[in-house]
Amino acid sequence: MTGEKVRWGILGPGGIASTFAADLPLVAGAELAAVGSRNLASAQAFAERHGFARAYGSYAELAADEGVDVIYVATPHAFHLEAAMLCVEAGKAVLVEKPVTLDLPSAALLIEAARTRGVFLMEAMWMRCNPAIRRIAQLVAEGAIGEVSAIHADFGLQGPFEASHRLRDPALGGGALLDLGVYPIHLVHTMLGVPASAQGWAHLTPERVDENTGVLLGYESGAVAALTCSINGPSRNAASITGTTGRIDLPEGFFVPRSFTLSRTGQEPETFEFPFEGSGYQFEAAEVQRALLAGELESPLVSHNTTLEVMALLDALREQIGVSY
């Protein structure tokens, strides 16, 4: 890093990487350094479109670039481990798109490698870096709605998707749970932590990935969470957090909220507004830069333990619903 500048590399110039790259200029000190792809023409086109200085036709060349401080890994889930490990072994800080890997053992392997080499690693759960979500977590911790008793959240996409689509391809980590269900689960984990009980049910596609999934989590406190995710129909994509003295409602797009409403018993509802430019990926990029400039190896917003706890829960649910990779 040079002064307050952080030089970014992008590994895997697909759709999610394009959205992330478009938000990077909104982050003070972010320098668009390089792009790496298995196809040089794709890397060059991406670099030209988003203003990156250099383009490479291999991931290894990007990882070896001494002018890159941190690499955003945006390949499909199934390739996160190999790509992120390449970057870690090259001494690069890494932001890995969610889920960090396909299962708990590989997530633990990657995190241990980063810790051993003393490099920063963070799962790109951008929702946990969102200003509205951070404010909600603060309000819940302060007891603004009393003791949390129930959380409801859903995330469903309009279907059906063709059998060849990545969301139905087990070789790419397809299915609703890992792609969409991580958001409701992370929301609950942010507010309540690790559940005492987890039950899952799903309808599977012919390819044996989940297309319609329900999750019920139970906590020692008595709180429950009812969550759904699907790739065969558009749900409200909203969420609510109910407490003994109030409720917090997140509107459609709860995973990237610009507002929420706090209703307390006996009081008029209060709406909190958090307007921002772009798509909302700038907040996780800013958190990465803050941590790097502070010399931290992980972020308190998406800690290594958080990643491992959620991945353990996802593994347990996948076992129950019969999805394996």
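The values are calculated or read from the model by the stated rules, or taken from the named source; none is laboratory data. Quantities reported herein were computed from a predicted structural model and do not represent experimental measurements. With ideal geometry, Cβ positions are generated from the backbone for all residues, glycine too; neighbour counts draw on all protein chains shown. Calculation scope for accessible area: heavy atoms of the full protein, side chains included, ligands and nucleic acids excluded. Shrake-Rupley method; radii C 1.70, N 1.55, O 1.52, S 1.80 Å.
Of the candidates 149, 235, 164, the single residue that is out of contact with any His (no Cβ under 6 Å at 6 or more places or on another chain), more than 21 Å from residue 279 (Cβ to Cβ), small (Gly, Ala, Ser) and part of a loop (DSSP other than H, G, I, E, B) is 164. Comparison of 171, 225 shows that the only residue that is touching a Phe, Trp or Tyr at 6+ places or on another chain (Cβ under 9 Å) and assigned to a helix (DSSP H, G or I) is 171.
Of all residues in region 220-264, those satisfying the criterion of being without any contact (Cβ under 8 Å) to a residue 60 or more places away in the chain and out of contact with any strand residue (DSSP E or B) (no Cβ under 6 Å at 6 or more places or on another chain) are 220, 251, 252, 253.
For (1) among the basic types (Lys, Arg); (2) in contact with a helix residue (DSSP H, G or I) (Cβ under 9 Å, 6 or more places away or on another chain), each residue gets a yes or a no:
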position: 8; (1), (2): no, yes
position: 17; (1), (2): no, yes
position: 34; (1), (2): no, yes
position: 38; (1), (2): yes, yes
position: 47; (1), (2): no, no
position: 55; (1), (2): no, yes
position: 60; (1), (2): no, yes
position: 66; (1), (2): no, no
position: 69; (1), (2): no, yes
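All of 268, 211, 207 fail the test of being free of Cβ contacts under 8 Å to residues at least 12 places away in the same chain, among the charged types (D, E, K, R) and over 30 Å from residue 6 (Cβ atoms), apart from 268.
Condition check for residue 153 on (1) open to solvent by 10 Å² or more (accessible area, probe 1.4 Å); (2) more than 19 Å from residue 303 (Cα to Cα); (3) not polar (S, T, N, Q): one failure, at (1). Considering region 1-34, the residues that are over 21 Å from the mean Cα position of the chain (by Cα) and under 28 Å from residue 166 (Cβ atoms) include one that is surrounded by the fewest Cβ atoms within 10 Å (Cβ to Cβ), namely 32.
Consider region 287-316 and keep the residues that are crowded, with 16+ Cβ neighbours inside 10 Å and hydroxyl-bearing (Ser, Thr, Tyr). The one that is nearest to residue 196 (Cα to Cα) is 306.
Number of residues in region 1-39 that are among the aliphatic types (A, V, I, L, M) and either assigned to a helix (DSSP H, G or I) or more than 22 Å from residue 290 (Cβ to Cβ) (or both): the value is 7. Residues in region 177-222 that are of a type in the set (Gly, Ala, Ser), open to solvent by less than 40 Å² (accessible area, probe 1.4 Å) and assigned to a strand (DSSP E or B): 5 in all.
When each of 159, 143 is tested for being open to solvent by 20 Å² or more (accessible area, probe 1.4 Å) and in a loop (DSSP other than H, G, I, E, B), the lone residue that passes is 143. Within the group 319, 284, which residue is in contact with a Cys (Cβ under 7 Å, 6 or more places away or on another chain) and either closer than 18 Å to residue 190 by Cβ or open to solvent by 60 Å² or more (accessible area, probe 1.4 Å) (or both)? Testing whether each residue is in contact with a Cys (Cβ under 7 Å, 6 or more places away or on another chain) and either closer than 18 Å to residue 190 by Cβ or open to solvent by 60 Å² or more (accessible area, probe 1.4 Å) (or both) leaves just 284.
Any residue in region 223-242 that is open to solvent by 50 Å² or more (accessible area, probe 1.4 Å) and more than 24 Å from residue 180 (Cβ to Cβ)?
No, because not a single residue in region 223-242 is open to solvent by 50 Å² or more (accessible area, probe 1.4 Å) and more than 24 Å from residue 180 (Cβ to Cβ).
Could you tell me whether region 87-98 includes any residue that is in a helix (DSSP H, G or I), free of Cβ contacts under 8 Å to residues at least 12 places away in the same chain and farther than 30 Å from residue 273 by Cα? Scanning region 87-98, I find no residue that is in a helix (DSSP H, G or I), free of Cβ contacts under 8 Å to residues at least 12 places away in the same chain and farther than 30 Å from residue 273 by Cα, so the answer is no. Put simply, of 51, 118, 146, 91 the only residue that is in contact with a Ser or Thr (Cβ under 6 Å, 6 or more places away or on another chain) and on the phi > 0 side of the Ramachandran plot is 146. Annotation note: Cβ proximity below 9 Å between a residue of region 1-25 that is more than 20 Å from residue 42 (Cα to Cα) and at pLDDT 95 or above and a residue that is assigned to a loop (DSSP other than H, G, I, E, B) and open to solvent by less than 10 Å² (accessible area, probe 1.4 Å) (sequence gap 6+ or interchain) occurs for 7/68.
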